[in-house]
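**Q** Attaching a single structure in structure tokens format; questions to follow.
The values are calculated or read from the model by the stated rules, or taken from the named source; none is laboratory data. This structure is a prediction, so every number in the text was calculated from the model and none was measured. Note: ideal-geometry Cβ built from the backbone for every residue, glycine included; neighbour counts use all protein chains shown. Protein only, heavy atoms only, side chains kept; ligands, DNA and RNA dropped before computing areas. Shrake-Rupley method; radii C 1.70, N 1.55, O 1.52, S 1.80 Å.
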Amino acid sequence: IQFWDYASFAELEGRFDIATVRGGVRIDEHEQYGSNVVPRIAVTKAYDKLHFKLLASSAYRAPGLENINLNELARARDGSIDEVRPEKTDVYELEVGYKLTDQVHGTINLFDMRIDKPIVYSYNSTTETESYRNLGKVGTQGAELGLQLLEE
């Protein structure tokens, strides 16, 4: 198996009174899987006692050599196995923090991360075939509370 993969990344930052905004984009060109664009943006601001962060990003992962190799070997033995494809991830996060005192800082973080067609290892004991395949969708969503107690 042989293929080429090129990637470019660009990022811009703007600092404004209301917030700092940073945006980026990564462009992948893969011989076998074509073009893919994944954007990223972050908005942050820190005041005297309050700070916030808003993030939105995407990620892309093409199958590696071993993913492709094991998948093709398994497909040769079992025609029902689909070709392994790239996975894509989207992440959204919001964090708000407040400095209660010089020694006590609190934060709340809300997040949502979803992976479309994650590449996973699988083993079929009936055919004794190991492979990499794509699942449907997986993800996690939640909230996190943090409290920092600092010593003087």
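**Q** With a 1.4 Å probe and all protein chains kept in place, how much accessible area does residue 112 have, in Å² rounded to the nearest 10?
**A** Its heavy atoms expose roughly 40 Å² to the probe.
**Q** Between residue 20 and residue 135, how many nm apart are label points set 7 Å from Cα along the C-beta direction?
**A** 3.6 nm
**Q** May I ask you to order 55-67, 91-103, 8-20 by the average number of other C-beta atoms within 10 Å around their residues, highest value first? If you can, show how the numbers build up before the last one.
**A** Working: 55-67: 16.2, 91-103: 13.8, 8-20: 9.8.
My ranking of the peptides, most packed first, is 55-67, 91-103, 8-20.
**Q** Something else: May I ask you to derive the relative contact order of region 65-132, considering only C-alpha pairs under 8 Å and at least 6 residues apart, and to give it as an integer percent? Mind showing how you got there, number by number?
**A** On the way: 89 pairs, mean separation 24.2, N = 68.
Averaging sequence separation for qualifying contacts and normalising by length gives 36 percent for region 65-132.
**Q** For Rg/Rh (Cα atoms, Kirkwood Rh), the listed values are [x] 1.14; [y] 0.97; [z] 1.09; which was obtained by calculation from the structure presented?
**A** Computed from these coordinates, Rg/Rh (Cα atoms, Kirkwood Rh) corresponds to label [x].
**Q** Can you send over the carbon and sulfur percentage of the accessible area for the chain, probe radius 1.4 Å, protein chains only? Could the numbers behind the result be given before it?
**A** Details: 5520 of 10430 Å².
Its accessible area is 53 percent carbon and sulfur atoms.
**Q** Report, in degrees rounded to the nearest 10, the 0 to 90 angle that the Cα long axis of helix 65-77 makes with the longest principal axis of the chain.
**A** Between helix and principal axis, roughly 40 degrees.
**Q** Please report the relative contact order for the chain, taking Cα pairs under 8 Å with a sequence separation of at least 6, and give it as a percent rounded to a whole number. Each step should come with its number before you reach the end.
**A** On the way: 337 pairs, mean separation 25.8, N = 152.
Value for the chain: 17 percent.
**Q** Residue by residue, what Karplus-based ³J(HN,Hα) values in Hz, rounded to whole numbers, does region 33-41 have, using 6.51, -1.76 and 1.60 with θ = phi - 60° and x for Gly and Pro?
**A** 10, x, 8, 8, 10, 10, x, 9, 8
**Q** On to the next question. How far is it, in nm, from the label point at residue 127 to the one at residue 73 when both lie 7 Å from their Cα along the line to the Cβ?
**A** 1.4 nm
**Q** Taking a probe of 1.4 Å, how large is the accessible area per residue of region 1-147, in Å²? Provide the component values of the computation, followed by the final result.
**A** On the way: 9750 Å² over 147 residues.
Here the per-residue accessible area is 66 Å².
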